[in-house]
Amino acid sequence: MPLTKSPRVQKSVLIFVLAAAVVGYFGCSGKAPEPAAAEKPPVTLLSEAAVRLSNDPGKTEIFRDAGMGLFIHWGPNSQVGTEISWPLYNASEDFIKKYYALAETFNPTAFDPTEWARLAKLAGMEYVVFTAKHHDGFCMFDTELSDFKITRTPYGRDIAGMVADAFRKEGFLIGFYYSPGDFRYQWETGKRSGHIYEPDFESQALFGPKRKSFVDYERGQIEELMTRYGDIFMLWFDGKCEPLKKHSWRVRQDVFIARGEIPTPEQEIPGQADDRAWESCLTTSYQWSFLPGAEVRPAAEIIENLIHIRARGGNMLLNIGPRPDGRIAPGDEDLLRDLGLWMMLNGEAVRGVRPWVVTNEGDVWFTQKRSEGTVYALAGLEKNSRSLVLKSVAASPETKVMLLGQEGDCPWEQTPAGLKIALTRKQTVRLVKAPPAPGDKAESSDKQRLTWGPDWPVVVKITKATPAAGSGKPEAR
């Protein structure tokens, strides 16, 4: 008759068997083996014969309607306040190693992409262009094709993905900047013979953990950016990009390509109107990347630039360089909030607009919504009042004239000389320091002289208007 084990013995045997099974499964180290990485299916590409090598017309009009975007240049170099990438040009081997070692300490623990997105939305921006990879080769996204990336820093998280998610939730069109030039590739493969900015798409030197030739490495990164981060509206190629541009359209035919396909002047506003897609790229200070103690441009200058760009048919892409800890610099934040106040009052004059028959009449600038027959005249005011005579605008019996943000209509009259409008600003927006009255001596009183401001351009909205007879071509200024 077999012996019957007691419940205590049965339990001990069961624990022993289970323990042996666990040890056998995990091995002597006691750690579970790393699961084998699943091979990702290849990206489906349009055939060479089917791809259209130009921007989608619908996406082009969406871009033009947006009017203003936020450009963000950021990387490990922000820890020492250099310009991004360019210090590597003509640099010694010792300096290159020190520059690249900055990735080992990059840890922006105060980074909050939702805060960035909400501030940009407040400023009236409609799209964002974030530096996924600059000329130095550092990737702000979790690429499988390079080890020089944000997920191998102390921070360890995919910042490009976080930016895309946060801005998309706030309704932004998402764009990635990508530099075809890659100094890290040049340095690691011993191909450091060309300019830091120049890509060598013919190079067969193998690079990165996947051991790719240069063009295959970059095409692979374009596929990653376009397929792993949701709906990417725009790519922005900073440099020669023909193989990458074509490949992008093979991945997704309707992706909008900015630089590489449309004019994108830097720190410059062209002097003539151009009724097609173009974009002027401007900085808030004088460096693209974070500059300690930077002198930030006055809000009035940025607003004036925006007006001139939109009157000439272009978009303004305004750049900030975040601090190394991930915060937006106080000067940049103040500027964006000022811009937000102006856009809160006047944004409809620069969104969804196109050039008028003239860009400006002296210091009065114009935009229009063609489908509505609406013209916007953007003008400065002296002492909160002014009389305008607009030669290029003809009113109709149904015309209404108003100052954006302010209740009531403006008195107007169609005269032989033009549309005459009497402007008076009655709305009180902000207190500013008042200029001294004639004959006042500052030292004679401690009284604070305040007035309502700020002294920024106002916008006159003119509905049911048409071009006046004989209106000429846009003026240059």
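The values are calculated or read from the model by the stated rules, or taken from the named source; none is laboratory data. Please read all numbers here as calculations on a predicted model, not as lab measurements. Neighbour counts run over all protein chains shown; Cβ positions are idealised from the backbone, glycine included.
When you scan the range 109-125, how many residues do you find that are in contact with a strand residue (DSSP E or B) (Cβ under 8 Å, 6 or more places away or on another chain) and outside any helix (DSSP H, G or I)?
So the answer is 3.
What number of residues within the range 436-477 satisfy the criterion of being modelled with pLDDT of 75 or more and touching a Ser or Thr at 6+ places or on another chain (Cβ under 8 Å)?
Result for the range 436-477: 9.
Filter the range 284-307 down to the residues that are within 18 Å of LEU317 (Cβ to Cβ), in contact (Cβ under 8 Å) with a residue 40 or more places away in the chain and of a type outside the set (A, V, I, L, M, F, W, C) and list them by number.
THR284, SER285, GLN287, SER289, GLU304, listed by residue number.
Taking LEU381, is it surrounded by 15 or more Cβ atoms within 10 Å (Cβ to Cβ) and closer than 28 Å to ASP275 by Cα?
no
Mind telling me which of the residues LEU53, LEU14 ends up being modelled with pLDDT under 95 and out of contact with any Pro (no Cβ under 7 Å at 6 or more places or on another chain)?
Result: LEU14 is the single residue among LEU53, LEU14 that is modelled with pLDDT under 95 and out of contact with any Pro (no Cβ under 7 Å at 6 or more places or on another chain).
Has the range 219-228 got at least one residue that is within 28 Å of TYR89 (Cβ to Cβ), modelled with pLDDT of 95 or more, in contact with a Phe, Trp or Tyr (Cβ under 6 Å, 6 or more places away or on another chain) and not in a helix (DSSP H, G or I)?
Checked the range 219-228: no residue is within 28 Å of TYR89 (Cβ to Cβ), modelled with pLDDT of 95 or more, in contact with a Phe, Trp or Tyr (Cβ under 6 Å, 6 or more places away or on another chain) and not in a helix (DSSP H, G or I).
If a residue must be among the basic types (Lys, Arg) and either in a helix (DSSP H, G or I) or under 16 Å from the mean Cα position of the chain (by Cα) (or both), how many such residues does the range 299-322 contain? Write out each step before concluding.
First, the residues of the range 299-322 that are among the basic types (Lys, Arg): 310, 312.
Subset that is either in a helix (DSSP H, G or I) or under 16 Å from the mean Cα position of the chain (by Cα) (or both): 310.
Counting residues in the range 299-322 that are among the basic types (Lys, Arg) and either in a helix (DSSP H, G or I) or under 16 Å from the mean Cα position of the chain (by Cα) (or both) gives 1.
Residue-wise test of (1) more than 25 Å from VAL350 (Cα to Cα); (2) modelled with pLDDT of 95 or more.
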site: LYS245; (1), (2): yes, yes
site: ALA258; (1), (2): no, yes
site: GLN272; (1), (2): no, no
site: PRO298; (1), (2): no, yes
site: ARG310; (1), (2): no, yes
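Picking from LEU339, LEU381, which residue would you name as being at pLDDT 95 or above and closer than 27 Å to LYS426 by Cβ?
So the residue among LEU339, LEU381 that is at pLDDT 95 or above and closer than 27 Å to LYS426 by Cβ is LEU339.
Which condition from (1) buried (at least 21 other Cβ atoms within 10 Å of the Cβ); (2) more than 30 Å from PRO76 (Cβ to Cβ); (3) in contact with a strand residue (DSSP E or B) (Cβ under 9 Å, 6 or more places away or on another chain) is the one that ASP332 breaks?
Among (1) buried (at least 21 other Cβ atoms within 10 Å of the Cβ); (2) more than 30 Å from PRO76 (Cβ to Cβ); (3) in contact with a strand residue (DSSP E or B) (Cβ under 9 Å, 6 or more places away or on another chain), the lone unmet condition for ASP332 is (2).
Restricting attention to the range 355-378, and to residues there that are in a loop (DSSP other than H, G, I, E, B) and touching a residue at least 12 places away in the same chain (Cβ under 8 Å), which single residue is nearest to ASP274 (Cα to Cα)?
Filtering first and then ranking leaves PRO355.
From the list ASP254, ASP275, exactly one residue is farther than 23 Å from PHE130 by Cβ and more than 19 Å from the chain's Cα centre (by Cα). Which is it?
ASP275
Hey, could you check the range 289-309 for residues that are hydrophobic (A, V, I, L, M, F, W, C) and touching a Gly at 6+ places or on another chain (Cβ under 6 Å) and say which is surrounded by the most Cβ atoms within 10 Å (Cβ to Cβ)?
Taking the candidates together, the pick is PHE290.
Against the condition farther than 30 Å from THR359 by Cβ, hydrophobic (A, V, I, L, M, F, W, C) and either modelled with pLDDT of 95 or more or in the same structural domain as HIS195 (by TED's automatic domain parsing) (or both), how does ILE232 come out, does it pass?
Spelling it out, ILE232 is indeed farther than 30 Å from THR359 by Cβ, hydrophobic (A, V, I, L, M, F, W, C) and either modelled with pLDDT of 95 or more or in the same structural domain as HIS195 (by TED's automatic domain parsing) (or both).
Any residue at all in the range 162-180 that's within 19 Å of LEU102 (Cβ to Cβ), in a loop (DSSP other than H, G, I, E, B), in the same structural domain as GLU115 (by TED's automatic domain parsing) and touching a Cys at 6+ places or on another chain (Cβ under 7 Å)?
Taking the range 162-180 as the starting set, the residues that turn out to be within 19 Å of LEU102 (Cβ to Cβ) are 179.
After this cut, where a residue has to be in a loop (DSSP other than H, G, I, E, B) as well, the list is 179.
Imposing the further condition that a residue be in the same structural domain as GLU115 (by TED's automatic domain parsing) reduces the set to 179.
Then keep just the ones that are touching a Cys at 6+ places or on another chain (Cβ under 7 Å); that gives none.
No, the range 162-180 contains no residue that is within 19 Å of LEU102 (Cβ to Cβ), in a loop (DSSP other than H, G, I, E, B), in the same structural domain as GLU115 (by TED's automatic domain parsing) and touching a Cys at 6+ places or on another chain (Cβ under 7 Å).
Being crowded, with 19+ Cβ neighbours inside 10 Å and in contact with a helix residue (DSSP H, G or I) (Cβ under 9 Å, 6 or more places away or on another chain) is the requirement here; does ILE222 meet it?
yes
Which ones in the range 181-208 are in a loop (DSSP other than H, G, I, E, B), of a type in the set (S, T, N, Q) and under 19 Å from ILE96 (Cα atoms)?
SER193
Enumerate the pairs (first residue in the range 168-185 and over 14 Å from PRO113 (Cα atoms); second residue anywhere and among the acidic types (Asp, Glu) and part of a helix (DSSP H, G or I)) with beta-carbon separation below 7 Å, excluding pairs fewer than 6 apart on the same chain, so at least 6 apart or on different chains.
Listed by first residue and then by second, the contacts come to PRO180/GLU218.
Being polar (S, T, N, Q), under 30 Å from VAL358 (Cβ atoms) and buried (at least 21 other Cβ atoms within 10 Å of the Cβ), is that true of even one residue in the range 260-283?
Yes - at least one qualifying residue is present in the range 260-283.
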